[in-house]
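Written out below as C-alpha cells is the structure these notes cover.
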Amino acid sequence: MGTMWHNTQTQRVVDLLTQRGMLRPSDLDAVGVQRAILTRMTAAGLLEKVGRGLYRLPDSPGSEHESLAAIATKVPQAVFCLL
C-alpha cells in the first residue's frame, strides 16, 4: 500500500474526528477506513487514545464533560439525566 493510500486514510480519520470529537474503531467502517490505521496514527502522535477503543486528536481541548462525551461515543443510545 502506497503513501497516497495512507494519506487518504489518515485524512478521513482526521475529518471524522474534527466532526465528532471522539471516535471508536467501528466508526471507521462507515468511511471505508481499516481499523489498523488507528494504531499507526497513535504511534505517530497523530491520535490520542483516551480510553479503551476511544480516540481523539491530541490537540483537542478537554472539557469538564469529557467523560460524558466518551460514554456517549461508546454507547450512542445512552440517556443522561440529573446533570
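The values are calculated or read from the model by the stated rules, or taken from the named source; none is laboratory data. Fair warning: this is a prediction, and the values are worked out from it, not measured in the lab. For neighbour counting, all protein chains shown are included, and Cβ atoms are generated from backbone atoms with ideal geometry for every residue, glycine included.
Residues of the stretch 3-57 that are without any contact (Cβ under 8 Å) to a residue 12 or more places away in the chain and of a type in the set (A, V, I, L, M): Met4, Ala30, Ala36, Ala43, Ala44.
Scanning the stretch 1-21 for residues that are among the hydrophobic types (A, V, I, L, M, F, W, C) and modelled with pLDDT under 85 returns Met1, Met4, Trp5. Among the residues of the stretch 26-82, those identified as within 13 Å of Thr10 (Cβ to Cβ), surrounded by 10 or more Cβ atoms within 10 Å (Cβ to Cβ) and either of a type in the set (A, V, I, L, M, F, W, C) or modelled with pLDDT under 65 (or both) are Leu28, Val31, Val33, Ala36, Ile37, Leu38, Met41, Leu46, Leu47, Leu57.
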